[in-house]
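Asker: Sharing a structure, written as structure tokens. Questions coming.
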């Protein structure tokens, strides 16, 4: 007795489609409370570290450097291009300097770099030469979330995520 595979395949295909519809009919609610750790701060952000708050910089402190701290206020780890580990006191992070229309002014990239994770609720201290942050420029740093496929991120198949730091905020310090 010969059994035709075609009706069986059609039945499996239809059952799979019905199951997929049943599981996706209810939208997932995402609120600020579920994605952000501290509700008073942005998800991913960069802050200037004032001269009074240089703990962690230690012997790396020089007046030619502007010290910034990258905060991960999300519930997911984020991936960053770095030299050194993100758990050290300071790390080399890679970034672009752009104008207010996001046109590239300068790019600081690694030739061979590490990809490190910054865990939820953690921050990483990094220095930028002061002359790179001219008036009216923005520091733009690319990152990706841990739930994104790292190969797809490297091939630009995932959405791009950036965090910005406005050099104008330095004038207010």
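Asker: Among 145-153, 115-123, how do they line up by average Cβ neighbours within 10 Å per residue, starting with the highest? Walk me through the numbers before you get to the answer.
Answerer: Working: 145-153: 13.1, 115-123: 16.0.
The densest-packed peptide leads the list: 115-123, 145-153.
Asker: Please report the relative contact order for region 107-173, taking Cα pairs under 8 Å with a sequence separation of at least 6, and give it as a percent rounded to a whole number.
Answerer: 33 percent
Every number here is computed from the coordinates shown, using simple stated rules; none is lab data. As the structure is a prediction and not an experimental result, all values here were calculated from the model. Note that we place each Cβ from the backbone using ideal geometry, even for glycine, and neighbour counts take in every protein chain shown.
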